[in-house]
Amino acid sequence: MLRLDTRFLPGFPETLKANTEALRAAQEALLAKRRDPQNMLGWMDLPEDTETLREIRRYREANPWVEDFVLIGIGGSALGPKALEAAFNESGVRFHYLDHVEPEPILRLLRTLDPRKTLVNAVSKSGSTAETLAGLAVFLKWLKAHLGEDWRRHLVVTTDPKEGPLRAFAEQEGLKAFAIPKEVGGRFSALSPVGLLPLAFAGADLDALLMGARKANETALAPLEENLPLKTALLLHLHRHLPIHVFMVYSERLSHLPSWFVQLHDESLGKVNRQGQRVGTTAVPALGPKDQHAQVQLFREGPLDKLLALVIPEAPLEDVEIPEVEGLEAASYLFGKTLFQLLKAEAEATYEALAEAGQRVYALFLPEVSPYAVGWLMQHLMWQTAFLGELWEVNAFDQPGVELGKVLTRKRLAG
């Protein structure tokens, strides 16, 4: 099970009890909004959408020829799929993400792909994202030049069910198109076709992923004593005076998960609240043990301006024993141990060292890095973010601060 550890935050159980009414009010306020689709809470229901899962599986089975999968999308359209595919790709299909518009990497990719074995997936909730449309235009020209009229078989679209330029283009050209439910925002869409379609081509266990997400839903609807996302939301709420929230994951397979969390947290919660005050904390991604040799010096001895969350697996799916090597006696303390024992020891040691230095730190322990556990973790973090929106009195499901940049970009290009 996903387990919260607050051993270095003494008094938290008592504080949790003292905030019972505020947390219950946040839970009730959020769930009351569920009745109106315009409140963008459809992500709660994605783990139950078995019909979309069947449709995705049928599409995967109908296209066994795919060797390279190119996802053209940015922000929530790419970060979730990238995090999950990197962790659970079992198929051998190679994945490439166009979540940028820098020309040189795109040209380098086009020169290495075989168009006959490449599937392009254009992903945009609105269907009008400038970076996605630009990348699509470039790849569309490439597909038509190499495949003629067969190009349509190599392009699939994930977008709004009815509206937007991408949906209109798909209908005009007779392309296969998957729908992002209208009531699901981009950064909450990892368990919609945005993430499930690429994961199907990656050979991931989609049933286990969604089962874990359903477990997160169950805990989010539970009373406070069993409600994990309300507890972690309270931790962030209590430390809202600290401007930085470090999210550090001890798993190379989950190396892209912190970037997904950064968007989820920052874009959802960095807002002007109902009293006209600017609120929010800045999420910082970190990866253990790599960042023990990069950022932990600052995290430990730098300013006391951070709340740190460590995500630590409790057991490996497979392990490797460290063999004895003659002449390397300095490493004798490692001989006979396993790589996972070293990883776990480093995580626990960093956890203790941060606390000893006075930094505010807690841990989320994963049973292992599996689709079930990660599905639970990601859905848990979405619930945490939604509850924080209620506690901080902001709408966690819009992004008004992003819109001006889009308008000014369009003006500059228009002339």
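Every number in this text was worked out from the coordinates using simple rules, so none of it is lab data. Note that the structure is predicted; figures quoted are calculated from it, not measured. Glycine also receives a Cβ, built like all others from the backbone with ideal geometry; neighbour counts cover every protein chain displayed.
Summary of values
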read-out	value
Theoretical gain in end-to-end length, residue 116 to residue 4 [0.36 nm per residue, Cα-Cα removed]	35.6 nm
Rg(Cα) / (2.2 N^0.38 Å) computed for the stretch 42-204, rounded to two decimals	0.95
Between the stretch 59-130 and the stretch 279-300, the alpha-carbon center distance in angstrom	29
Nearest 10 degrees, 0 to 90: helix 103-112 Cα axis against the chain principal axis	70
Placed amide H near residue 308: partners under 5 Å, 5+ positions off or other chain	246, 360, 361, 362
Fully extended contour minus Cα-Cα distance, from residue 38 to residue 96, at 0.36 nm per residue	17.6 nm
Helical contribution to [θ] at 222 nm, DSSP H n ≥ 4, -39,500 (n - 2.57), averaged over the chain, rounded to 500	-14500 deg cm²/dmol
Helix 50-62 axis, angle to the chain major axis (alpha carbon atoms, nearest 10°)	60
Fluctuation leader among 297, 172, 399 - the chain, Gaussian network, Cα springs under 10 angstrom	172
Magnitude of the charge dipole, the chain, Cβ model with Lys/Arg +1 and Asp/Glu -1, debye to 20	1620
The stretch 352-415 versus the stretch 205-276: alpha-carbon centroid distance in Å	6
Karplus (6.51, -1.76, 1.60) ³J(HN,Hα), θ = phi - 60°, over the stretch 345-361, in Hz, Gly and Pro reported as x	4, 5, 5, 5, 5, 5, 3, 5, 5, 5, 5, 4, 7, x, 6, 7, 8
Cα-derived Rg over Rh, computed across the stretch 99-181 with Rh taken as Kirkwood radius	0.96
GNM flexibility winner over the chain from 268, 91, 255 (Cα, springs under 10 Å)	91
³J(HN,Hα), Karplus 6.51/-1.76/1.60, whole Hz, each residue of the stretch 262-270, x for Gly, Pro	4, 5, 4, 6, 5, 6, 7, 10, x
Listed pairs 182/215; 33/406; 290/344; 125/162; 271/306 exceeding 22 Å between Cα atoms	182/215; 33/406
Efficiency of FRET from Cβ geometry, residue 66 and residue 163, R₀ 30 Å, rounded to 0.05	0.60
Three principal axis lengths of the chain [C-alpha, angstrom, descending]	66, 65, 44
